[in-house]
Structures are given as C-alpha cells and as structure tokens.
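The values are calculated or read from the model by the stated rules, or taken from the named source; none is laboratory data. Keep in mind the model is a prediction, meaning the values are calculated, not measured. Every residue, glycine as well, gets a Cβ built from its backbone with ideal geometry; the counts of neighbours run over all protein chains shown.
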Amino acid sequence: EALKKTSTEIIKKLMSFGVMATVNNDVDFDTATIIAEEYGVKTEKAVQISEEDILFDDIEEEDESKLVPRPPVVVVMGHVDHGKTSLLDAIRSTHVIDSEAGGITQHIGAYMVKAKDRRITFLDTPGHEAFTAMRARGAQVTDIAILVVAADDGVMPQTIEAINHAKAANVSIIVAINKIDKPGANPDRVKQELTEHGIVAEEWGGDAIMVPVSAKKRENIDQLLEMVLLVADMLELKANPDRQAKGTIIEAKLDKERGPVATMLVQRGTLKAGDSIIAGSAFGRIKAMTNDKGTAIKSAGPSMPVEVLGMNEVPDAGEIFYAVTDEKVAKHLVEKRKYKQKEQQYKKSAKVSLEELYNQIKEGKVKDLNLVIKADVQGSLEAVKSSLMKLSNDEVRVNVVHYAVGAITESDVTLAQVSNAIIIGFNVRPGINVTEAAKAAEVDIRLYSIIYKAIEDVQSAMNGLLEPTY
Ligand code: GDP
C-alpha cells in the first residue's frame, strides 16, 4: 500500500531478485528494504508490536529492569495413598496468610500460603495427570514439584511416573519423605530406592533435597516450605507485574447461577477486575474476581491464583489467557485465534510416528527418538529398553522417557504427547479409551510380543526401511 503498487507488480519485482513469494508470504526486513528502495521509498523498522504479535507469537521482550521476584508455583505429586492430599491440607492449614486467618478456604484449584514472610502458590490438584494434561496444552505453570514418598512404602510405580513427568517438564523436584511418624517408616530405604531413579540425596553426595515430614502430625512442614523457598531462590523466579496480564487457566466450570467460572493463575503482569480477557476460544470481561479465600479483589499480580466470572464460555484447563484492551478486541482476537489454531492443528501432524521417522530425521526435525516403553514383566522391560537404546547412532539418539511394567495408560499417552514420544508396548495392550486418546493426541502406539521384532522395526524406521502396516 505504501509503495502504491499492485501485489502482482511486487511479486514480479521480488522474482527478479530471486525471491519466490505469493501475497500470503512475509518477506524479511532486508528484502523489503531492497524492494522499497527500487521504488524510492525508505523503510523503517516498526517498533510497535501489535497486540496480535504479543498474543500469537508471544514476543517476550521483557525489560530486565522491570522484573521483580515472584512466588514459586508448586505441585504435589506421588503414588496413591502416600499422602499428597494430607500434605496439601497440612500446608494450607498451618501456613494461612495472617490477615486471612480463620477465613474459609474455597476450593479454587490453587492457593497461596505464607512461609518466612514470603508467599508460595500451590496447585491444589494432587497427582501428575492434571499436571501433564495441562502441559499437553502448552501450559508451563509449575516451577517446583514436591514428590511425596511414604516412608513405610517406598518408591512405587506412580512415584517413578511422577519423577519422569517432572523431569520431562524440566521442573525442580523436592522429595517429601512422608509418614515418618509411622512405626515401619524407613527414610533411608526411600533414599536408596530413589537413587536407582537418578535422584540422589544431598547428604549422599547428590543434589536432591529430601525432607522427612509427617503430614498427619504436621511435622517438618516449615522445613519443607523453607526448602521450596531455597529452590525458588536458586531458580531466580521473576516476572514483570507492570504489563498486560498473561497466565493459565487452572480449572473452569459452568456454575448454574454465576455462569462460566474460571480459576486463573497470573504468570506475568497484573490482572484487574474489569479487564477484557481471552483464553482459547473463550473471551469476556471480568465481572468479579476473588482470591482463594473467596474475598473480592481488584487486582492480582504474578503467581496469584484468582477465580474469575464473566467469560462467555468455559475455557479449557491449561489454556493460556491474556488481558487485552477491550471486549471488542477480545472478540476479534478470538475469531483470529480460532483460525490460527486450525492452522496449527494442521501443522501439528508433524508428530513422530515410526513410519514418518526417517523423513523427519532427514529433514532434521528429529534428533532424539523418544520412547515410552511398557511391558508385562520387569525382565522383558529391561531387555526391550536396553536393546532399543543400543540402536542410537550418530544421527538419532534413542531416548527412553519413561518405562514401567503394566498396561498402557492415558497418562502414558499424555506423557508421550508432550515429549513427542512413541509408545512401545511389549506383551501389553492399551484399553479402548487409551487407543482413542492416542488417536486424538496423534501418539503412535506400537505393540510387540517378540523383542527382536520391536528392535527390527525401530531400526528399519531409523534407516527409512520400515514397511508400512495396514
Ligand atoms: P494421597 O492419595 O496421596 O492423596 O494420600 P492421602 O493424603 O489421601 O493419604 C492416604 C492415607 O495416608 C490417609 O489415610 C492419611 O491419613 C494417611 N497419611 C497421610 N499422611 C500421613 C502421615 O504423615 N502419617 C500417617 N501415619 N498417615 C498419613
């Protein structure tokens, strides 16, 4: 438009410079400058980043000087019955924020506590399934995972799963060795067993922080929270409170009287009552905002969980929300976003499948072949794992993200989805729901009952020789 030329003319001019483009392509600044100069027009880099750029490309040009420390966001994971819920309760009841003592805690999916005059945010959904499901939608919410291991029971299958999920998400792990009040408690055994999974206690020369606690007797909870703060300091968690708010939907539901209700975790900027927001395909204006005690608040800064009313529909958990200038912009952006999402879905089909592996290796898209391995017995599990890992070559590294004895579960599928892994099942089958979940997530599940067949397939796939299966 500025050149006052037709697009055809510009395309021709680009071609004369060897640039093949259509009206739908972007050209880089240097190319644009050359073309513009041809017509005697001077170019200048636009400094203003449009709202859409912020939204969709998420240009994080943070002004370092505006970053201030923010509270850590913590999730509690571990095997069933090891005390996740009890620990969350113990933390909440012993560390209420002073001014709100006696206030009734609302369940909004997250809460904040105070320790050593600092704040810590806890996600109130124990277990790694919720955590990984959120991550599958692209949300990076948690900074620290507390891995709860019962001292009388030791490392169990879901403990290992939790470790692998946390590792895949690059989240720092603090171990809470729980139930130390029990007569059969043996913290050293827990430490020993964790060593086998690459988590070595500091006192044993490793770098993992382990705190013995009793959620039931509320023992050592202070110490655990101190360790959370220590790790938070090492991570140097910071955010700019002084900009347009952005964060993640923690959970959301439809309330008969109040309409869509969403719990949001602010991750940067400050969210204010009255702000217009978008989250996925939902948008709206914040009619009311409350904290985890149900108190109405006007604004919420980084790491604060809030409950918000006023969205036009129920957003998905894990969806990222943004505050925008006004509701009209919000509506417009949601339309654009729906379109963009369709496009991205299309692009996403570049997920790894064994059949496509070779092409993706050649295109340089894949350097690590990530695998989740499930088998019926420990012996074959180890055998499958070690023989597949040996297939690593100069171009591709075979990397086992998670391996365990047992059927293929939905949790395996989400883990495979977020780590772009293929699932190898040896003498195990996925349930019907699992197969559907895998299809939806475009995760490739391969089932074998003969080890060498599995090795052969992965090897052939790596060399581009895999026969397609029908
Ligand atoms: P979750 O499944 O991991 O959430 O575990 P829960 O918090 O529901 O706890 C499972 C059981 O262990 C419950 O009966 C708790 O009372 C018990 N429990 C949890 N923490 C402790 C503890 O520190 N000491 C003892 N003795 N029991 C505990």
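General observations
- Residue satisfying condition, being exposed (fewer than 14 other Cβ atoms within 10 Å of the Cβ), in contact (Cβ under 8 Å) with a residue 24 or more places away in the chain and over 21 Å from His79 (Cβ atoms), within set Glu442, Glu395, Glu363: Glu395
- Tally, over segment 278-290, of residues that are in a strand (DSSP E or B) and under 22 Å from Thr125 (Cβ atoms): 4
- When segment 230-255 is filtered for residues that are basic (Lys, Arg), assigned to a strand (DSSP E or B) and surrounded by 14 or more Cβ atoms within 10 Å (Cβ to Cβ), the ones remaining, listed by number, are Lys238, Lys246.
- Answer residue from segment 72-86, given it is surrounded by fewer than 24 Cβ atoms within 10 Å (Cβ to Cβ) and more than 6 Å from the ligand (Cβ to nearest atom) and is farthest from Leu265 (Cα to Cα) among those: His79
- Hey, Val211 more than 16 Å from the ligand (Cβ to nearest atom) and within 19 Å of Lys84 (Cβ to Cβ) or not: no
- When the residues of segment 35-64 are filtered to those that are modelled with pLDDT of 85 or more and assigned to a helix (DSSP H, G or I), the one that is surrounded by the most Cβ atoms within 10 Å (Cβ to Cβ) is Ile35.
- Among the residues of segment 135-165, those that are within 11 Å of the ligand (Cβ to nearest atom) and more than 23 Å from Val400 (Cβ to Cβ) comprise Val148, Ala150, Ala151, Asp152, Asp153.
- Within segment 445-454, the set of residues being over 28 Å from the mean Cα position of the chain (by Cα) and surrounded by fewer than 17 Cβ atoms within 10 Å (Cβ to Cβ) comprises Ser449, Ile450, Ile451, Tyr452, Lys453.
- Scanning segment 215-238 for residues that are within 13 Å of Ala115 (Cα to Cα) and among the aliphatic types (A, V, I, L, M) gives Ile221, Leu224, Leu225, Met227, Val228, Leu229, Leu230, Ala232.
- Test: residue in segment 96-115 that is of a type in the set (A, V, I, L, M), closer than 24 Å to Arg243 by Cα and modelled with pLDDT of 85 or more: yes
- Among the candidates Arg258, Arg218, the residue that is within 16 Å of the ligand (Cβ to nearest atom), surrounded by fewer than 19 Cβ atoms within 10 Å (Cβ to Cβ) and of a type outside the set (Val, Ile, Thr) is uniquely Arg218.
- Only listed residue being among the β-branched types (Val, Ile, Thr) and closer than 25 Å to Asn399 by Cβ, chosen from Val113, Val155, Val148: Val155
- Of residues in segment 291-326 being more than 25 Å from the chain's Cα centre (by Cα) and part of a strand (DSSP E or B), the one farthest from Leu237 (Cα to Cα): Gly310
- Test: Ile91 is closer than 24 Å to Ala300 by Cβ and either within 16 Å of the ligand (Cβ to nearest atom) or at pLDDT 90 or above (or both): yes
- For segment 169-195, taking the residues that are assigned to a strand (DSSP E or B) and not hydroxyl-bearing (Ser, Thr, Tyr), the one that is nearest to the ligand (Cβ to nearest atom) is identified as Asn178.
- Any pair with Cβ under 7 angstrom, 6 or more apart, that starts in segment 156-173 at a residue that is within 14 Å of Ser419 (Cα to Cα) and ends at one that is basic (Lys, Arg) and at pLDDT below 90: Ala169/Arg135
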